[in-house]
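J.: I am attaching a structure below and will ask some questions about it afterwards.
The values are calculated or read from the model by the stated rules, or taken from the named source; none is laboratory data. Here the structure is a predicted model, which is why all the values come from computation and not from measurement. Glycine also receives a Cβ, built like all others from the backbone with ideal geometry; neighbour counts cover every protein chain displayed. To get the accessible areas, we keep the full protein, side chains included, count just its heavy atoms, and leave off ligands, DNA and RNA. Shrake-Rupley method; radii C 1.70, N 1.55, O 1.52, S 1.80 Å.
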Amino acid sequence: SFRNIQVIRNNKVVATVDVYDFLLKGMQTANVRLQDQDVIYIPAYSKRVEISGEVKESAIFELKSSETLQNIIDFAKGFTAEAYTAKIKTFQNTNRERRIIDVNEDQFSTYKPQNGDKFVVEAILERFENRVEIIGSVFRPGVYSLDQGLTLSGLIKKAEGVTEDAFLN
């Protein structure tokens, strides 16, 4: 465990250290001065999950029981610019097999992961919601934004008009 390291002095736990504070945030708030005969006890982890895909740092993270999917996203340093953030796919183990759960964006801060969950953040689609293309005898052929109320003549104006060789009939 990186999250529940105990410093034992004279058969009493004098400090519990969460190394994630230091590793992920650079904070040394739980820095404990060791003394002669101190025992450092590192128990086994209780919950580990994996996040991959369009996050800045894909990894396996250890969780405390109170932490949520939002904590995992924060541990992974957030989403990349290409991330589809509306929902995250969760691959979860059951007693017999695996199942997929879609976790919507509004559930990130309340969804409690289970041990062994694998979260996959997918990329956004390679398509546009407001694109129109004009090609041919115009001065600036290419793609343009499809604004509300755009007409063909308005698109031709965006393309800076038709060339001299355009057949206008």
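J.: Quickly run through the stretch 131-146 and pick out the residues that are open to solvent by 70 Å² or more (accessible area, probe 1.4 Å) and under 36 Å from the mean Cα position of the chain (by Cα).
T.: 131, 133, 143, 146
J.: Now for a separate question. Filtering the stretch 25-66 down to residues that are of a type in the set (D, E, K, R) and either in contact (Cβ under 8 Å) with a residue 40 or more places away in the chain or in contact with a strand residue (DSSP E or B) (Cβ under 7 Å, 6 or more places away or on another chain) (or both), which residue is most open to solvent (accessible area, probe 1.4 Å)?
T.: Among those residues, the one meeting the criterion is 48.
J.: Between a first residue in the stretch 7-24 that is in contact (Cβ under 8 Å) with a residue 40 or more places away in the chain and a second residue that is buried (at least 16 other Cβ atoms within 10 Å of the Cβ) and in a helix (DSSP H, G or I), which pairs have beta carbons less than 9 Å apart while being 6 or more apart in sequence or on different chains?
T.: 20/75; 24/75
J.: In the stretch 67-86, which residue that is open to solvent by less than 30 Å² (accessible area, probe 1.4 Å) and of a type outside the set (Val, Ile, Thr) is nearest to residue 8 (Cα to Cα)?
T.: 67
J.: For the stretch 147-169, which positions are aliphatic (A, V, I, L, M), surrounded by 10 or more Cβ atoms within 10 Å (Cβ to Cβ) and at pLDDT 90 or above?
T.: The answer is 150, 155, 156, 159, 162.
J.: Pairs please, first residue from the stretch 113-128 and farther than 18 Å from residue 57 by Cα, second anywhere and open to solvent by less than 50 Å² (accessible area, probe 1.4 Å) and in a loop (DSSP other than H, G, I, E, B), Cβ atoms under 7 Å, 6+ apart in sequence or on different chains.
T.: 113/63; 115/47
J.: Looking only at the stretch 1-42, how many residues end up being among the hydrophobic types (A, V, I, L, M, F, W, C) and in a loop (DSSP other than H, G, I, E, B)?
T.: 6
J.: Here is a check on your reading of the model: is residue 89 of a type in the set (Lys, Arg), over 19 Å from residue 2 (Cβ atoms), open to solvent by less than 80 Å² (accessible area, probe 1.4 Å) and touching a residue at least 24 places away in the same chain (Cβ under 8 Å)?
T.: yes
J.: Could I ask something else about it? Would you be able to say whether some residue in the stretch 120-127 is open to solvent by 70 Å² or more (accessible area, probe 1.4 Å), modelled with pLDDT under 95 and more than 19 Å from the chain's Cα centre (by Cα)?
T.: yes
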